[in-house]
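Please read the structure below before turning to the comments.
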Amino acid sequence: MLIYMEVDDVDEVFDSQLFMKGVFDDSASEMSRKYGLSFVVVPFATTESKITIKVFLPEQRIPEKNHDEVIAALKANGAELNNETWEINDIKHLDLLSQYTSMLKEVESIVFDPGLIENGVYIQPFRFISSQRKMISDILLSKADSGHANIDLYAEYLGKSNGFLSMLKMLHLRQSVYEIVVEVQHAESMGGILAYSDHSTNWKRESKLPHVNNVEDYVYAIYSGSKTPEIITDTTFIGATESKYISTIKNYKIYRAFFGDKLSSYISQLMMEEHLFYLRRWSEWSAGVLNIHFFSGELFIMRLTKIMREVKEKFPNIDFAVKEVKMVYTPQ
């Protein structure tokens, strides 16, 4: 096994991307093996700061030949049908991450991308920043060679500025993925970090996990030629909103923080209420304009007008609009 970890990845922020792969004795994996199903896996953060797993299966992806049998199996395992998608919450016995807690302790910041269960095999990609890349690679090698029962671990660097989109291709998702960009003018009126970011400040922000109460965990990459927002460095914010300096990568100063903006959090909340999930969300602030990027499936596109109408009712004084909708991935 050869592991490459370079300081060069998607959005010029994350220096490494890995895939963890395993076969587990859980209900979703069993159904996947038996019926040839492909589940999308989305890790969520709980109120106890633990990571739980939800799996999703679009109704249209259920094979016709054993449709009724699959539906019965889904219901028997507590699945619910919401917006044409079957959803199973908090899968038991799908415990990939605890196998490698010693490795994760040395990761300064980690983003879990969507995973996949196909033919009974669970693949979970993640991107991370760490000053201990060499040690992590050694741990990965030792774990991979230690003969864990039913566990196959591999790691792969995906190349310059291709991390997230290459991950979609690696997973062979069976549904199209769209990027939706919401542009917000005069966003500083919403407070938080936006109120501390003037027009000479440029930053990028990654939402690390969808969170049940929207107290989300973020990574901020602040352009080194910009003024760092005071909310990032002011010690009065130490506490629930504590920020942590990680390192300087290329032209960005990297921080981990727990404050975002009300608008993107509210859109995420509406999506969860509609039982829609997004595969990724990141934002960029430049010249006083906030752009929020969502990566999601076709159902989000179909409900986009309704969601934006509700957002406008919530924030009547904010000038925002859907700037762009484009397909970034289609099944081969």
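The values are calculated or read from the model by the stated rules, or taken from the named source; none is laboratory data. Predicted, not measured: the structure shown is a model, and the values here were computed from it. Note that we place each Cβ from the backbone using ideal geometry, even for glycine, and neighbour counts take in every protein chain shown.
In the range 177-199, the residues that are free of Cβ contacts under 8 Å to residues at least 60 places away in the same chain form Cβ pairs under 6 Å with partners that are not in a helix (DSSP H, G or I), at six or more places apart or across chains, as follows: TYR196/PRO229. Counting only residues that are of a type in the set (Ser, Thr, Tyr), exposed (fewer than 15 other Cβ atoms within 10 Å of the Cβ) and in a strand (DSSP E or B), the range 279-332 holds 0 of them.
The residues on offer are GLU188, GLU216, and the sole one that is at pLDDT 65 or above and either β-branched (Val, Ile, Thr) or assigned by TED's automatic domain parsing to the domain that holds TYR255 (or both) is GLU188.
Reported count of residues in the range 57-87, each being surrounded by 18 or more Cβ atoms within 10 Å (Cβ to Cβ) and not in a strand (DSSP E or B), is 4. Screening the candidates PHE126, PHE112, PHE56 for the property of being at pLDDT 85 or above and under 30 Å from TYR220 (Cβ atoms) yields one hit, PHE56.
The single residue among ILE3, ILE91 that is hydrophobic (A, V, I, L, M, F, W, C), modelled with pLDDT under 70 and crowded, with 22+ Cβ neighbours inside 10 Å turns out to be ILE91. When the residues of the range 301-332 are filtered to those that are in contact with a Phe, Trp or Tyr (Cβ under 7 Å, 6 or more places away or on another chain) and not β-branched (Val, Ile, Thr), the one that is nearest to LYS262 (Cα to Cα) is LYS314.
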